[in-house]
Each structure stands twice: as structure tokens, then as C-alpha cells.
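Taking it in order: structure first as C-alpha cells, then the write-up.
A short reminder: the numbers here are calculations on the coordinates, not readings from a lab. Since we're looking at a predicted model, the values are computed, not measured. Positions of Cβ are backbone-derived with ideal geometry, glycine not excepted, and every protein chain shown enters the neighbour counts.
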Amino acid sequence: MVPLEGLAALTVLIGLIMYAAFAGADFGGGIWTALASGPRARSQQVSLFEAIGPVWETNHVWLVFVVVALFTAFPLAFAVLFEALLVPIAMALIGIVLRGAAYAFRHYSLRDPQTMPVTGQVFSVSSMLAPFFLGIAVTATAADRIRVLAGQAQAMNLTSWVTPFTIVGGLIGLALCAYLAPIYMAVRTQGALQEDFRGRGMAAAVALGVLTALELPVALVDVPLFWQRLVHPLQLGPVGVTVILGVTTLVLLWKRAYRWAQISAAGTVAGLMTGFAAALYPDFVIGQLAITQAAAPETTLVEFLITLVIGSAILIPSLVFLYWTFGKEYPMTAGRHYG
Amino acid sequence: MASDMDTLLSARALMGISLAFHIVYVAFGIGMPFDIMVAEGLALRTGNEMYHQLARRWVRPLVVLVAIGAVSGTVLSFELGLLWPRFMAFSGALIGLPFWLEAFAFFIEAIFLSAYIYGERRLSRRTLFLCTIPVVVGSIASAVFVISANSWMNTPAGFQLAGSEPVPGNLSNVDPLQAFANPAWLHELLHGTLATYVACNMMIAGVYALAILRGHLTEYNKRALTLVLAVAGIAAPLQIFLGDFAAVSVARLEPAKLAAMEALFHTTQGAPETILGWPDPARGEVRYALEIPRLLSILAYQDPNATVQGLDAFPPGTTPNPVLTHPSFDLMVGLGFLMAIVVIWFWGLRWLRKEVPSGKWTMRAVLIASPFGLIAQELGWFTTEFGRQPWIAAGTMSVAQGVTPDSGIEAVLIAFVGVYVALTIGLVRLVPVRAPDGGRSALQGGPHGSS
């Protein structure tokens, strides 16, 4: 394969990993807001809510990055995926919009958040809606249900994206977000609250592991084509690394080494998604649309990659500045820094 | 084929509603960072704390408006795929580049806006000011990039088409840089970006004019009003000239759009300028209009005898509807002139009396003109979009060829209209302009009015 397409596809994958690793934790914050329990339920909610403040919008831009990279470098894949997955993508989008808006209203309103229960419920429910349907949409590319003819998705039944494989994929999306948020929070909290997040992180880690393991037999029965690619010897690399990182995260949480656990948790997510992408390779839509078929002409790919290099030279130092300024401490009082 | 028509209408309606909604937030997302940068700069330079407090007071409304702009912009990027996948399959390789550049600009804007908002206690005053610069640059760059994608739809460039079918397989000699710098880009980016400054600053000026009318004639309100009307005082009159430049460019690049804008049914030598009136396509005339002889030829071609192409110069079925385009255009121009008159009036009084004008009639004029910028921005966008019909990429691909083959777009339309209604209710009800204590606005009032 000409490496240009490969590099462009890698850009899409990296964008997706960044979105999952950063914005995924923000969705996880919404999930654990709904699941807050015990004597410190209120502090859990407040701390999760405040931590999202300075970073959610930047994290959200990774989604725009992925969508734009997809239609610039792989216009055909973009068209086919959005045609075939209209319903799950629209559902995820509704979740994304309502989450962002509910958060902004609650966080920046002059009113006490306690007087706005509806925005709190919308925030939590939409934080679950988005990762569940994004998980479905991503795994649907490997579910062997989409049919592509002459560069166009064939008319599908509106529910043909609902398969055991994609439903478990949606649950993995949820578990992934629920896994990242408490581990990131453990770094930013102390005492009993930190212990709360530690326990929740470990529970979610187990859930993520169980669901991912469950996806394997489901693939064997539901999507033999993906199963065959998954058990290829070359796949042992990413799968092995992901399993090791997942177990390491649990051990680090057990030992209360939160900073390392945070890195290991993000690594697990990156490993999981890389493993999925590697099994899907060389296709965008399994067995139907190859990366090379979907790619834009060479001139576009070259300019796409040049822009990426120049843009990254500005973007990466800016991101480091943002997370260096706001990642070190727990921004409990962030909400009072303006106005 | 009835269901295909429903899909097309629903897709157009949803895209139109989404953009009309998004544009409002964009105006503030681009306009307000500039005001904040100016205020922080003045605070640093003059040592007057009031400017810093002014800037910080704008943060709360700005951040909500930017958040809504960000999510509504995301909706648009998804709708390109959900509603127009065939258009994107064809043109993604050509117009993807400006969107790709915009993604980076958007990152820079979001990162430094967050740093500015949350950095009050962690960053020095100087660093805070420096953070506003990339926000301003990023927001302008976002606008300039995304407008390139729109101007490509008006004047497609950077490719060759084998055959007449606009499908990706027929594309050759794809040159994204040429597509990026397409002919309509320059006038659109100047006119479109400046429009956000006019719209935003007129709207904010209205808030302070209202406060002054209600008796809050404070030093703080006067300085705030002066600052935003200084920006609008440059932007609104300048926009008249850029608008003229845009119209002259449209005459050259998109003659059918100009004919629809001016409701010129028949190709005419020494064409008159038709002001207002109601175009009647069936009879090929404009009723109740005011006609100024030869003015259109003079404006479009600087020649009173120039021939201007009418709608009849183009094959039937390939021209835009003047009933939608002409009133949008004329109203936009009218509102633009009214705003320019108001700001010139304000600065004329300021110059004559050597003090900030705060009289009842001046403040009323500012208040009445305050929504004109946002309305003109929407009308200008109506003009360029209705004026391109029936094409999604002028002369190359029709809107009907670009739409999704999926059924069920009506349901998506209903769902998203519901989302927009919810967002609007949320904004109005949950982001109170009135603070609980003094009953003063989050924008207006003194520096200690609320919080």
C-alpha cells in the first residue's frame, strides 16, 4: 500500500484514540454523576462536574478532528458510513449536543445548579447515550452488515446495525468512559473521595475487561469474518499489550499509584482501539471498502498530511500548555474564577 | 418519487435551520474575543481596572455562547454526512482541506479561551492578555477557512470532470489548494467575517444602551458602550464598501445569483436598480418596486450602459428564485445602511460634544439597531444560499444529486428541531441575564453587580 493512505488512516485512528482518552473521560464523568452513591455521593458529583470545566471543549474538538479527517482523506468512507449508520450516528450526535449544552447551562448559569435538576438528568443520560451509540457505530464497521456497491452504501433496514456484536460494542464504549473518569479523578482528589474513585475505577476496569472478552465469542458466532482476522497471529501483539495494560492498571490502582494508573488506563484504551483497527485493516468497512478504495487522490492526501504536520507543531505545545496549567491540581474552585 | 422529494425538502430544511441557528453563536464567538482582547489590552496599557472587569464580565455569556456554537457546529459537520453524503463523497477531497485547517484553528481557539477563562488565578495579567490573541486569531481563521468551503460551492474550482455525472470516479486533476483559493473566496471571507463583528458589537451595544435608558448611566456602562461602538463604528461603515465589492464580484462570478438578487428577469442594457418590491416570476416583473434608472449597471460594471444578464439569460430550471433572493438581499443592504447611520450619528455626537452621547434618542436608536447585524447576517447567508439554487456546487452538482439516499430524514429533522428548541429554551431560562441581587444584567451593571 502507498504509505500516504496508511498515514492518513493512522491520523483518523489517533484522533479517535485522543477523543476516547480525553472526551471519553468527560462522558465517564456524566456516567458516574448518575451512579454517584454512598456518603460522599454529592462530593463525587461536584468534583466530577468541576474537573470537566476547563477541558471539555478542547476534548470535544477531537471529534471534529476525526470527522473532518475522515471526509477530507477518505470521502467515500465518510459517505458510506454516514449513509449506513444514520440512526446510531444521529443518536450519538443528539447525546453529544445535549451533554455539551446541559453542561454549559449548569456550569455557567448564575443560578445554583441544585435548582436545575433537569439539566443534571440530561447531562447524565446524554453522557451515556453518546458513548453507547458511538461504540455501536465504530464496531458496526466490523460487523459485516454494511454492503457497499459502486461506492455507495446499499439501502439498509433502519435497524440492521443492531446486532449482538454492535450492542456489546456499545456497552464497551460505555465501559471505556466509565473506566477512564474515576482513574483520572483519583489523581485529582484526596482522602475518602479518592478511595471512592479508586474503587469505581477498579470496578469499571473489571467491567471493561469482561465486556471486551465477551466480544470475542460474540464475534465468533455473529461475525466470522472479523473473528478470522482477530485470531491472526499478528493480532497477538496489540491484544497482548492491551491485556497487559488493563491488568497493570488494576494493579496500580490496588497499589494506589494513581499517576501511573492514569497513563496505563489511557494506554489500555489506545491498545483496545488499535487492536480493533488492526483487525479491521486493510478495510474501512470490513470486506466491503478498503482504505485504498476510500482514499482521496494523492494531492489531497499530501496536503492533508502537510497541514497535519504544521498544525501539530502549533497544536501540541498549546495542548501541553493547557493540561500543564490545569491538569496539576483539582480545579475545585474553577467555577468561581470568572464573572 | 414523492418520498425522494420529502427527503430533499427535509434535508434542506434541517441544514438551513442548523446553519441559521449556528450563525448566531458564531457572531459572538468571533466578535466577543476581539472585544475582550481590546479591553484586556487597554487595562494593561492604561492601568484602568475597569477594562479588566469589563472583559471578565463578558466571559460568562461568551463561554455559554461558544459552547452552543461548538455543539451546533459539530451538528453541521455530522450533517454533511447524514444529509449530503453524495456531495461529500464527490467534494470531500476538494473542500476537506479548509475544514481540516479549521479543525486546528478551532483547537487553538478552544485551548486559549479555556486558558483565559480559568487562568484568572494561575496566570499573570500579561499572560491572560496574551491568551486572548490566539483566541482572536483562531476565531478569524476558523471563519476564513470555513467560508472557503462555502465559496467553493458558489465557484467550484481545482478539478476536472470527465462526463457530466458528478461522482468521485469522474474527478481528475484534483488540486485542493486551487479549490481552497476559489474565485469567490476573497469577497466572501471579507464580507462574511466582518459581518460577525458588526452583528456582535451592535447586539452588545444594545444591551448597554438599554441599561443607560433604564437610568444606569455609569462610567462602566459608558466605557463598555464606547468600546463596542468603536468596533462597530469601524466595521459597519466598512461593511458597506466590502458589500459593494462582494456585489461587483458576484456580478462577475455568479451572474445568475446577481440577477436573482436584483430581481432582473430580462437581460437589460443600462439596467435599473430595483429597490424592494415583490418579484412575480410568472409575469416576469417586480411589483411595487422603486426603480432607479441605470444604477444596477453602474454598481455592477461601473458603466451606465453596461448590459446586465437577467434570469432569462440562463437555461430554464438552472436559476435561483428571486422571490426568496431579492427581498433577502435588499433587506440586508437596508439594515446595513441603517446601522452605519446609527454608528456615524453616535460618533458624530461624540466628536461634537466631547463626551459619550447618552441621550434618550441616541440610545433608543442604538437599541433599535442592535439586532440588525444578526438579522443582516442571516439575510446575507439566505442571499448567497437561495441565490445558488438549484445547485449544491454551482454548475456541477445539483442539490438533489447531493442528498442522502436514506429514508427517514423527516424523523431526523423532527428530532433535531426538538434539540434546537430545547437549547433555545435552556439558553433563555437557564442563563439568566438578570442577576438575583441587583436585578442587573450579567452584561450590564457595574463590575460588582452580580456573581
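Can you list the residues, at least 5 places off or on another chain, whose amide H is less than 5 Å from the amide H of A:Asp283, using H built in the peptide plane? Result for A:Asp283 returns A:Ile291. About the centre of its Cα atoms, chain A shows a dipole size close to 980 debye [charges on the beta carbon of Lys, Arg (+1) and Asp, Glu (-1) only; nearest 20 debye]. Placing unit charges on the Cβ atoms of the charged side chains and taking the dipole of region A:3-298 about its Cα centre, the candidate lying farthest along the positive direction among A:Thr119, A:Thr189, A:Ala295 is A:Thr189.
Residue by residue along A:299-308, Cβ atoms of other protein chains within 10 Å of the local Cβ number 5 on average. Relative to the longest principal axis of the Cα atoms of chain B, helix B:125-154 runs at roughly 10 degrees.
Per-residue ellipticity at 222 nm computed for the protein assembly as shown from its helices equals -24500 deg cm²/dmol, with DSSP H segments shorter than 4 residues left out and the rest contributing -39,500 (n - 2.57).
Please compute the average number of Cβ atoms from other chains found within 10 Å of each residue's Cβ in peptide A:144-152. Can you show the working numbers first?
Details: counts 0, 0, 0, 0, 0, 0, 2, 5, 5.
That average works out to 1.
Along the axis of the charge dipole computed for the protein assembly as shown (Cβ charges of +1 for Lys and Arg, -1 for Asp and Glu, origin at the Cα centre), the listed residues B:Val136, B:Trp185, A:Met273 are led at the positive end by B:Val136. Counting, for every residue in B:210-219, the Cβ atoms of other protein chains within 10 Å of its Cβ and taking the mean gives 0.
If the viscosity is 1.567 mPa s and the temperature 4 °C, what Stokes-Einstein diffusion coefficient in µm²/s follows for region B:200-398 when Rh is the Kirkwood radius over Cα pairs?
Numbers: Rh = 18.3 Å.
Translational diffusion coefficient: 71 µm²/s.
Residue separation of B:Ile344 and B:Arg122 scaled by 0.36 nm, minus their Cα-Cα distance, works out to 75.8 nm of gained length. Considering only B:Val207, B:Leu324, B:Met261, the residue lying farthest towards the positive end of the dipole of region B:200-398 is B:Val207, judged by Cα position with unit charges set on Cβ.
Residues whose amide H comes within less than 5 Å of that of B:Arg294, counting only those at least five positions distant or on another chain, are B:Glu273 (H built at 1.01 Å from N in the peptide plane).
Considering only Cα atoms, the convex hull volume of region A:3-298 works out to 124 Å³ per residue. If you take every residue apart from B:Ser151 with its C-beta less than 13 Å away from the C-beta of B:Ser151, what net charge results, scoring Lys and Arg +1 and Asp and Glu -1? Net local charge, B:Ser151 excluded: -1. Measure nothing fancy, just the Cα-based angle from helix A:75-84's long axis to the longest principal axis of chain A, in degrees from 0 to 90, nearest 10. Its long axis makes an angle of about 70 degrees.
Taking amide H as placed 1.01 Å from N in the peptide plane, B:Val286 has its amide H under 5 Å from the amide H of B:Asp280, each at least 5 places away in sequence or on another chain.
Calculate the dipole size of the protein assembly as shown relative to its Cα centre from +1 charges on Lys and Arg beta carbons and -1 charges on Asp and Glu beta carbons; express the result in debye to the nearest 20.
3040 debye
Placing +1 on the Cβ of every Lys and Arg and -1 on the Cβ of every Asp and Glu, with nothing else charged, gives chain B a dipole about its Cα centre of roughly 2100 debye. Computed from Cα atoms, the angle from the helix B:409-430 axis to the main principal axis of chain B rounds to 20 degrees. Extending 7 Å from Cα along the Cβ direction at B:Ile17 and again at B:Gln269 yields two label points whose distance is 5.0 nm. Volume per residue for region B:47-139 equals 92 cubic angstrom (convex hull of Cα atoms). The label-point distance for B:Trp351 and B:Glu410, in a model that sets each label 7 Å from Cα toward Cβ, rounds to 5.9 nm. Here the simple spin-label model places points 7 Å from the Cα toward Cβ, and for A:Leu7 and B:Leu44 these points are separated by 3.7 nm. Calculate the FRET efficiency for B:Ile234 and A:Ala150 from the Cβ-Cβ distance with a Förster distance of 56 Å, rounded to the nearest 0.05. So the FRET efficiency works out to roughly 0.55.
Phi angles across region A:284-292 convert, under the Karplus curve 6.51 cos²θ - 1.76 cosθ + 1.60 with θ = phi - 60°, into 3J(HN,Hα) values of 8, 10, 4, x, 10, 9, 7, 4, 5 Hz, Gly and Pro given as x. Karplus-based coupling profile of region B:189-194, in residue order and whole Hz: 5, 5, 5, x, 6, 5, with θ = phi - 60° in 6.51 cos²θ - 1.76 cosθ + 1.60 and x standing for Gly or Pro.
Going by average Cβ density within 10 Å per residue, which order do the peptides A:230-241, B:318-329 take, highest to lowest?
Sorting A:230-241, B:318-329 by mean packing, highest first, produces B:318-329, A:230-241.
Projected onto their three principal axes, the Cα atoms of the protein assembly as shown cover extents of 82, 66, 42 Å, largest first.
Extension gain, B:Gln160 to B:Ser358: 0.36 nm times the residue separation minus the Cα-Cα distance gives 65.4 nm. GNM remark for chain A: springs join alpha carbons under 10 Å apart, and the peak mean-square fluctuation among A:Pro39, A:Pro297, A:Pro217 falls on A:Pro39. Legend: Rg and Dmax of chain B, from Cα coordinates, 23.2, 68 Å. The trypsin sites (Lys or Arg not before Pro) of region B:155-240 meeting both criteria, a DSSP state outside H, G, I, E and B (loop) and at most 14 other C-beta atoms within 10 angstrom of the site's C-beta, are B:Arg214. Would you mind counting up the charge near A:Leu220? Only other residues with Cβ under 14 Å from its Cβ, with Lys and Arg at +1 and Asp and Glu at -1. Here the charged neighbours net out to -2. Charged neighbours of B:Thr383, selected by a Cβ distance under 14 Å, balance to -4 (K, R count +1; D, E count -1). Note that region B:19-33 has calculated 3J(HN,Hα) couplings of 6, 4, 5, 4, 4, 4, 6, 4, 4, 6, x, 8, x, 5, x Hz, one per residue in order, obtained from phi through the Karplus relation 6.51 cos²θ - 1.76 cosθ + 1.60 (θ = phi - 60°); glycine and proline are x.
Structural size metrics of region A:1-100, computed from C-alpha coordinates, are Rg and Dmax of 16.7, 58 Å.
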